[in-house]
Each structure stands twice: as C-alpha cells, then as structure tokens.
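Take a look at the structure set out below.
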Amino acid sequence: MKHNIPELLSPAGSPESLKAAVENGADAVYLGSKEFSARGHADNFDRDKLLEAIDFAHQRDVSVYITVNTLVKEQEIEDAVEYLEELCNHGADTVIVQDMGILNILNEYLPKLPIHVSTQMSIHNSAGTKLLGSIGVKRAVLARELDIEEINTIRSSTDIQLEVFVHGAMCICYSGRCLMSSFIGGRSGNRGYCAQPCRKEYSLKGNTMSSTMSSKYLLSPRDLNLSSRLPDLITAGVDSIKIEGRMKRPEYVAVVTRTYRDILDRLSTDPTNGATPDEMRRLEVIFNRGFTEGYLNGDPGRKLMSMDTPGNRGILLGHVTGSNPGRGTITVKLDAAINVGDGIMAGVKGTSIRMLWMRGCKVQSAQAGEVVTFPYGWAIATGTPVFKTFDSILVASARKTYQSVQRKVPVTVQVEAIKGHPLLVRMSDYHGNTGRSTSENVISSARQQPLDEQALEKQVSKLGDTCFQAEAINIQMDDDIFIPLSMINSARREAIEELGRLRLTGYRRVCSSVGLLTPHPPDIKDRRPVLSVRVAGPDWVNAAVSGGAARVYVDIEGITGNEPATNTAIEEAHRAGAIVFIRLPDIVKDKEMSLVTGTLDQLHGVDGILAAGPDQISWLKEIYDLPLAVDYPANVFNAQGLDFLTALGAGSIAVSPELTLDEITSISVGYDIECLVQGSVQLMVSEHCMISGIKGCDSPIGVKGEIKSGVKGGVEGEVKGSITTEQITRPCQPGCTEGGITGCSIRDKKGFVFPVRHDNQCRTHVYNSKELGLIDSIPGIIKAGVRSLRIEGMFYDAKQVEEVTMLYSHAIETYLENPPQYDGSVHLSGLKKMFPGNLTTGHYFRGVQ
C-alpha cells in the first residue's frame, strides 16, 4: 500500500550543491541569487547562472523554489520587482518570501508566480496560515518551534501546503525576529548577512547568582535531525520536508539528501521502516553539532543546546592512550574506523590525518578496536576524547554521486525508417512533450550489409550524458536499407534537443508588473506627533501618563492575574486624557489564544490592541471592535508593507528599527508610522527557556507574577498580583527565576551586557546591550513623517518611566512650539545622566547591510 509521502526539499547554495541535491533524489531544491536572499554568504548564483540552474532542475523534473526572503528597502523595490518578473517569466516554480511588501506586490501584480512564505515570517499558529490562504499563498514554511500537536492543529485549520524543516542548523531565535547580528555589527539577518552571534561565547549573570558563570555557547543550539520522526510528520499531513544547508558543502547536501530520500522511499510502502542505524551514522559523520529533535515534543531544555562547542562534533573516534611530544604524535584506541585524509579534533584543536601507523607499520586505514598513532601538533593529555570531524571515504563517495549524471528522465523513442523517405525520430516524455527530427536525405537501399533493427535500436538509444534515458523503443523500418551512422546520430541528437526545449517551454510564463509600485496610503489627516510608552504592567501606566505620554502600551503578560488594577489604571489614564493599548505577546500559539482573550475580556475601556504581527491582526479583528496597531517585530521595511498591514486593518504601524531616518522618510507619507526613540530594543525572542536550559528545574512558573509555590518573577522592580499554574498553557522549566530574573543578563567576550527576561510562557527575550536614545534627534524624526515616538520602558521602574517620559515630552513640545530654538543637547545631557555611557542611536543614521 502506498502512503502519501511529502516532497523532499534540499538546499542548493552553489551549482555543485544543486547537482548534489538533484542527483541524490531531491523532489525540489531551493536556491537564491546574490541579491534578496537570506543566505548572502553562500556562493549563490548570478542572474544568468540562476536561470541556468532553473533549467537544469526542470530538465530533470525537479521543482525550483527561489528564495527572495529578505527585507527589501524602498529604494530596492523596483529592482526586486524586475527580478521577480524575470523569475515568473522564466518559470520558477515558486518564490519564497519574507517581506510583506513583496508578498503584497506578488499577490496584486504577479499572480501567476506561486508564493511560499518563508520561515522568516515566523508562522506559528492557525491564524497565520488562514491569513496566508485568504490571500492566495500556496505554502507556509512553519516556524521550527512547533511541536507535533501544534502542527496537527494548524494542518486541520488550513488547506494551504505546510513545509517543515527536518535537518540542519537551528536558530535559537524565532526566524525573522532576530536583530542581534544587526545591532551588534550592522549585519542584518533579515537582509541575509547574519554574523551568527548565537555561535559566540557568553557568560550568564543573574540577580541570585553570586558571580558570572564561566563562558559557554549559551545561544548555540544543536542541529535538527528528524530522520526518525518522518512517520509522525507524514501522519500530520506535512506536504514538504526541508533540509537546511545552503551554506554547507555539496558533499553534505549529497549525503543528507540521499539519506532522507532512501527513508522516504521505504516509508512509501512501509510506514514502520524508518531510519536505520547506518543512516543515522552517516548523518552524524557528515556534520553535526550534536543532534536534537528540536521542539517536536515541546521544549527539550538543555538537550536543545550545544553549549560546549558551536561547531561540528563529528563522531567519537576514540581516546588518547599516549603521546610523544618529541615526535609530535599521539596514540589513540579507536572506537570508529579511521583513514588517511580524515579530519580529527581533540580538545579545541583539529588537524587532518596525513600519516597513520598501526603496530609500527604505516597504514592507510584502521578499524574500530585498533590502536593507531598519527601526527598531532599539540600537547594532549591521556584520556582525552578524539573526534572524527571529516570522513574522507564518505565525502569521496558522496562527490561521485554528482560528478556524473545519475538521475535520468525516461523517454519513449519512435523511429520510422522507410526506404525513399527521410529518417524520422521522435522522443517523448511522460508529460506528453515530443521532440521530432527528420533527416535531410532519404533512406536508400543497402548495397552490401543492410541495417538491422537491433543495430538501429542500439544507435538511437545512445543518449550519452544527457539527462534522458530510452525506456521504450518502437521501430518501424523496411528491410534491406542503409542509413549512415551520422544520419542516425544527427536525428537522435536533434530530437532529444527539441524535447529538452519543449520541456522547458512548458514552464515559461508571460508575466508583467506594469502599473505597480503605487502604494495606497490611507487618508490620514496631519496631526501633532504623539509620545507612546510601553510598560510592563498596570503599576507603570500612571507613571507614563504623569510624564506626558499620550498613549501607553501595557504588556498583557503583566496584566494576566492583575485585571482589576489594570482597569483602574485605564480609568485614571482616561481622566488624564491618555489612551491605553494592550500589547500582545510576541508569540501566541493556538493553545495560548484563549489565555489572551480571557484576559482581554476582563478589561474595561481598552482603547486598542498592539499586535506583534499580521497573524494577530487577522485573528483579533474578527473578535474585537478595537483599533489595532502593529509593533516592530512585524518587520515593516517599505511602503508596500505598510499597504499590506493597512489593508489588513492596522492603524498605527511601528516600522523596523533597522531603517534609517532617510529610509523612513521615503515611506512615511500618508501612513501612521511609529518609531522607537528610547529604551532597550528586543534582539531575540526564543521558545527556549535559557535559564532552565542552563540551570535545570522542573516546576512551572510565571515570570510576571507569583505562582502557588510563592516563587516571584519580574522584569524590574516589584511585581504584584498572581498567576496560577492553570493560566500557564506551557509549564516552564525554571530556573527562569530562582527568586526572580531582575538583572539577569548575558555578557559577551567584549564585555557588552545584554538584558534577558522571560515571559509568562517562559520564552526568552534578549535585549540590546545599549539603551536607544534619540532625544537630540527629535527634529529629524518628526521631519521624517513619524507620527508616534515610542519609549520602550520594559526595564524601567515607575520613577524612571515618569522621568524619561517627561524628558521626551518636554523635548517634543519645545520643538513643536518653537523649532528654531530647539537645543537637543540640553535634553541629551539629561538623558546621559540617567544612562551614563550606555546610549546608542541604533540604525537611524548608520543603517544595515
């Protein structure tokens, strides 16, 4: 019995990797050009090579998905549209996108080009997939942070295709929600240039810890490996399984693709015949940072992380039994086979095996159980484990799989060889394409040895190094005829070439983007800019209003279990002429939605909701008749993105903090734009509870309140109220608190300190090491068309909230009342006293790569 088997989707970061994926059984490949691709450091393809790559795959019946999955600046939109139009015309099977503006353009102006939404859009609930389905998106690449039940829930709620990653590197952060590389070094992960700060060393310090712990790779996850869980994904109705690895070597692509291909082929007839020990071993040898099944069973805690090393672990080769510093060699008792040419690692240093001795004799290889000696240039202690990080035999074998044509397309050959008529050769594939060739000269009678059918069949079946293979040959021929070999070869070659052209022609489209690039901003009347403040809970609302805030965003996590106090705070804000929005969590999964609505339903007089992304806008507008705003994790980069969210129902929209003021100016006209001007910018949000992953614990907690055991948690200052374990849909593992996480942070090797907090679901939030401070740039910000200037007060106590808000309120009023007399340096000096030596202007003037 055949079972529904998902598509196998493999990475192609280079032409060699493309061949490796195709020749080893990929159903589809994903690749990108040197522009608009979220793996900017991969070899990638220039435009011409990209089109050739599409044709190469299509000739072999392999689908091609082009990654256009970066955020696109307004000045790049025209180039991006021209690129998308070219891809559409050439026949790319789909484009994978992150940017809502690009999604908007494709949906409205290039409807013939199918759309897959990248994992960079952090699709993690059924509201997100329903929204995508409503606008014609074909497939969603789900966030890696989903467990199997959550995937099942999403599958049952949508008809669009679902794709999940099954193998390769993992981000510690929700993809598309990471600004860490961007703010540390100006290399934006959202633009394809992530510097991988998560693979660097950090030390942890918390308020209950006496000293900073020794440095570890605290943000470095292991590699995903779901090869043994494919039956669960098949049962869940996943349409495509995806291998990560556009930065990996082609040999890696070959080994991993072939392994998953073999497993899927077996599962197609026997759902119990999963990964074998040998296959698991091959996956481990080719590359691993330690394997994990990720979040498929929920947060695995410290088992998710590779804290001791961020690089390839390989497999255990053996242990050092002796060394000879004079000769520069070590002796190892083997737990695995070794060959000359293999790469090894002992401690933090590695080398390649150039020579190998066993029992005093030079050898080329040795098996497990043997004792071998080889050169190693560093002193090393007896008992030290040695790892094999490069298997020369496996790599050489993998390389052979794509250095010659392995994957063949079956064709039917028809030949008519009739005396006095031209030779006719037809080549047909199973899609109904037929290449036809007729010789210039007619067939003559044989003068000596006539051509027999067997010889003619042998000659027309010689398809050489093409991707075609003659599966059936039908010949109609006269007896006693002669046909020169050159005539047969020419007819065969022309027929197969025409078949190839026809196969590619079937993919071509006629696409035109004429008339686009005209955003449709809402009719928003000019008004004075307002000051908005985000606070952690109701106790800070009055402080913000007293300081002059016109709009206060209160995190719902600080409200849950504290609704009466929140209602009182809202009433007091209204009496002072301010409005209060409830800020939703960055991530709201399906099973957490009732907790959110349950809290909202207990509030009175709420003026609006601040959503973290389009999924929340789409979900909440069906429930509440309230103004909806969008926060900066939505990654708005261009006017088309503003258009998309406005049409969805958003009012005020916080644009990405990666934009410069000039870039904001280019998109602001007619829109209600908000910008961050002060506070700690969130750099990461992770499903993983970092503290529990390090410290380990097993009791559920709530970060913004108390639990039954009396453990308290908070962001800054005293947190009142309580949250019951029943209100927490996903129990934490916590060391999340150990008496509270006030002051919890991670420190990098350069001494920069990044604040950390955990929310009610125990997700980890990492913030920038420096405080954003733009009080002296208020004139430029207002001139850029910004209508709401935002203070992030999540780490402020009530006094700080009031003082910072008052400082900005006074600065804004001073400028608006008398612009020529505005002296930003006066206000900046006040800010510097509050945050000495710790201010940054972010990207407003430097921008990102």
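The values are calculated or read from the model by the stated rules, or taken from the named source; none is laboratory data. It should be emphasised that the depicted structure is a prediction, and the values quoted were computed from it without experimental measurement. Cβ coordinates were reconstructed from backbone atoms using ideal geometry, including for glycine residues, and neighbour counts include every protein chain displayed. These area figures cover heavy atoms from the full protein model, side chains too; ligands, DNA and RNA do not enter into them. Shrake-Rupley method; radii C 1.70, N 1.55, O 1.52, S 1.80 Å.
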In whole percent, and with a 1.4 Å probe on the protein chains, what portion of the accessible area of the range 60-108 is carbon and sulfur? 30 percent
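Once neighbouring chains are kept in place and the probe is 1.4 Å, which whole percent of the accessible area of the range 226-337 is contributed by carbon and sulfur?
Numbers: 2080 of 4250 Å².
Carbon-and-sulfur percentage of accessible area, whole number: 49.
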Here the relative contact order (percent) of the range 613-682, from C-alpha pairs under 8 Å and at least 6 apart, is 31 percent
Evaluate the Kirkwood expression for the hydrodynamic radius of the range 260-320, namely the inverse of the mean inverse distance over all pairs of different C-alpha atoms, and round to one decimal in Å. 13.8 Å
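As an exercise, take the mean of 1/r over every pair of distinct alpha carbons in the range 464-588, invert it, and state the Kirkwood radius in angstroms.
Numbers: mean 1/r = 0.0447 Å⁻¹.
Answer for the range 464-588: a Kirkwood hydrodynamic radius of 22.4 Å.
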Roughly how many percent of the accessible protein surface of the range 522-661 is carbon and sulfur, given a 1.4 Å probe and a whole-percent answer? 51 percent
Grab the eigenvalues of the alpha-carbon gyration tensor for the range 37-94, scale each by 5, take roots, and send me the semi-axes largest first in whole angstrom. 21, 13, 10
Excluding ligands, DNA and RNA, what is the solvent-accessible area per residue of the range 68-175 at a probe of 1.4 Å, expressed in Å²? 27 Å²
Mind checking the alpha-carbon convex hull of the range 24-171 and giving the volume per residue in Å³? 125 Å³
Inter-part distance where the range 350-402 and the range 130-189 are each reduced to a Cα centre, Å: 40 Å
Euclidean distance of C-alpha centroids, the range 525-598 and the range 770-849, integer Å: 21 Å
Mean separation of Cα pairs under 8 Å and 6+ residues apart, divided by the residue count of the range 499-656: what relative contact order is that in percent? 17 percent
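Accessible area per residue of the range 360-438 at 1.4 Å probe, in Å²?
On the way: 3910 Å² over 79 residues.
Solvent-accessible surface per residue comes out at 50 Å².
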Using all Cα-Cα distances in the range 739-842, what percent lands in each 5 angstrom bin from 0 up to the longest? 2, 10, 19, 21, 17, 13, 9, 5, 2, 1, 0
Surface per residue (accessible, 1.4 Å probe) for the range 178-290, Å²: 35 Å²
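Helix-derived [θ] at 222 nm for the chain: sum -39500 (n - 2.57) over DSSP H runs of at least 4, divide by residue count, nearest 500?
Value at 222 nm, helices only: -8500 deg cm²/dmol.
Sorted by mean Cβ packing within 10 Å, highest first, what order do the peptides 491-502, 374-385, 789-800 take? Mind dumping the intermediate values first?
Values: 491-502: 19.7, 374-385: 14.2, 789-800: 22.2.
Those peptides, ordered most packed to least, come out 789-800, 491-502, 374-385.
Can you give the % of DSSP beta bridges in the chain that are antiparallel, to the nearest 5? Spell out each step's value before the answer.
Details: 62 of 134 bridges.
Of all bridge pairs located within the chain, approximately 45 percent are antiparallel.
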Taking every alpha carbon pair in the chain and sorting the distances into 10 angstrom bins from 0 up to the bin holding the longest one, the percent per bin comes out as 2, 12, 19, 22, 18, 12, 8, 4, 2, 1, 0, 0
